[in-house]
């Protein structure tokens, strides 16, 4: 599942110059509004013909201006999911779902309705019309419609932007299943740090129309200079952990990670499942001695590797190596000076269990439960 992009295009005063290669099941285009994310996904989908460049998916060239190649949108077999479902209000859910199949010859229809219904959990909605659906249900139907067109590539442009937090929490697990089971490369556009830390195998960070970083989410998102200013408050460390045990008495789940044992509110996932954890810098408290008498259940031993002070500012970023996982703590300058926090100092990173909520935990692309329902495309 390789996506290759090297394009340049001018849109008025805005110039898009983007180059990256991704081999992940889900590639996130991340950046603040106006960074060029939607323009780039429209180039990939064929809605914009670039002035220069090349786009290829799994070795199939979709655009190559040097060779005069430009595959039209309708021949790219690219499914597109927008911010809003754009369902036909006069059709039932079943009719909306089947609409995409009408544009495929019978021999090209590789995706079955039953598979999509199971993948997205929408079988009970078939007789309803869009007006009777929640926002999350509409988006799941829109994704299903795109899948039933048997795409070789799925493009998702801010698919959760119009949803409230409750609806986002409802649909995120289905996008994780889609990533892990559909066997279709996905390009996912978002400016939400919560989404791009949880969903992708690979992140492409855009700024002012240019790619400034490409790579693994844990590596890219550990750099606060790459996080848009409006998302800095949610920034922190991203790493993998495995569900080791469930504590039914107290409603907790134990997660074993390189950093140490973590306790989180109960996760309805089997023991052994690999999850992706985001620990926000604002949620980490630091102690320079073994803490006692705490309500917080997560205490991780580590060593400070960097203390980053902003000139004249009151906030300091402290980076702590916990057995190979680098956590970040956002502290006041007074706290740093009072505790004498400096590089190489042995410290304890403290994290409340409730900080590991639905917005910071999700199933990882490394989960053992992959590829259960290959769609055959």
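Given a Förster distance of 22 Å, report the FRET efficiency between residue 11 and residue 70 from their Cβ-Cβ distance, rounded to the nearest 0.05. Numbers along the way, then the final one.
Values: r = 17 Å, r/R0 = 0.79.
The pair residue 11/residue 70 has a calculated efficiency of 0.80.
Please give the helix 165-181 orientation as an angle from the longest Cα principal axis of the chain, in degrees from 0 to 90, rounded to the nearest 10.
Rounded to the nearest ten degrees, it is 70.
Under the 0.36 nm per residue contour assumption, what length would be gained going from the current alpha-carbon distance of residue 285 and residue 127 to full extension? Mind dumping the intermediate values first?
Numbers: separation 158, 0.36 × 158 = 56.88 nm, distance 5.11 nm.
Answer, rounded to one decimal: 51.8 nm.
For a test of the definition: using alpha carbon positions, the gyration tensor, and the 1.5 limit on a/c, classify the stretch 127-238 as rounded, prolate or oblate. It would help to have the intermediate numbers written out before the result.
Values: a/c = 2.25, a/b = 1.62, b/c = 1.39.
Prolate, because a/c is 1.5 or more and a/b exceeds b/c.
Arrange the following residues from fewest to most other Cβ atoms within 10 Å of their Cβ: 174, 250.
On the way: 174 18, 250 11.
The fewest-first ordering by Cβ neighbours comes to 250, 174.
How far, in degrees from 0 to 90, does helix 135-147 lean away from the longest principal axis of the Cα atoms of the chain, to the nearest 10?
Taking Cα atoms only, the helix is inclined about 50 degrees.
Express the relative contact order of the stretch 252-323 as a whole percentage, based on alpha carbon pairs under 8 Å and six or more residues apart in sequence. Could the numbers behind the result be given before it?
Working: 64 pairs, mean separation 20.4, N = 72.
Once divided by the residue count of the stretch 252-323, the mean separation gives 28 percent.
For Cα pairs less than 8 Å apart in space and 6+ apart in sequence, what is the mean separation divided by the residue count of the chain, i.e. the relative contact order in percent?
On the way: 832 pairs, mean separation 65.3, N = 377.
In percent, rounded to a whole number, it is 17.
With 10 angstrom as the radius, rank 269, 47, 160 by how many other C-beta atoms surround their C-beta, starting from the fewest.
Listed from fewest to most nearby Cβ atoms, that is 47, 269, 160.
What number, rounded to the nearest 500 deg cm²/dmol, is the helix-based mean residue ellipticity at 222 nm of the chain, given -39500 (n - 2.57) per DSSP H run of at least four residues and division by all its residues?
Values: 8 runs with 71 residues, N = 377.
Calculated mean residue ellipticity at 222 nm is -5500 deg cm²/dmol.
If each residue's Cβ is checked for other Cβ atoms within 10 Å, how do 308, 37, 358 rank with the fewest at the top?
Working: 308 11, 37 27, 358 17.
With the sparsest Cβ surroundings first, the list reads 308, 358, 37.
Looking at the stretch 3-232 only, what percent of DSSP beta bridges run antiparallel? Nearest 5 please. All intermediate terms of the calculation are to be shown ahead of the outcome.
Working: 26 of 44 bridges.
If we restrict to bridges inside the stretch 3-232, about 60 percent are antiparallel.
Under the rule a/c < 1.5 gives rounded, and otherwise a/b versus b/c splits prolate from oblate, where does the stretch 213-338 land using the Cα gyration tensor? Kindly include the intermediate steps, with their values, before the conclusion.
Numbers: a/c = 2.17, a/b = 1.40, b/c = 1.55.
In terms of gyration-tensor shape, oblate.
How compact is the chain by the rule of thumb for globular proteins, expressed as Cα Rg over 2.2 N^0.38 Å?
Details: Rg = 22.3 Å, N = 377, 2.2 N^0.38 = 21.0 Å.
For the chain, the normalised Cα radius of gyration is 1.06.
None of the figures in this text is laboratory data; all of them are computed from the coordinates on show. This structure is a prediction, so every number in the text was calculated from the model and none was measured. Counting neighbours? That spans all protein chains shown, and the Cβs are built from the backbone with ideal geometry, glycine included.
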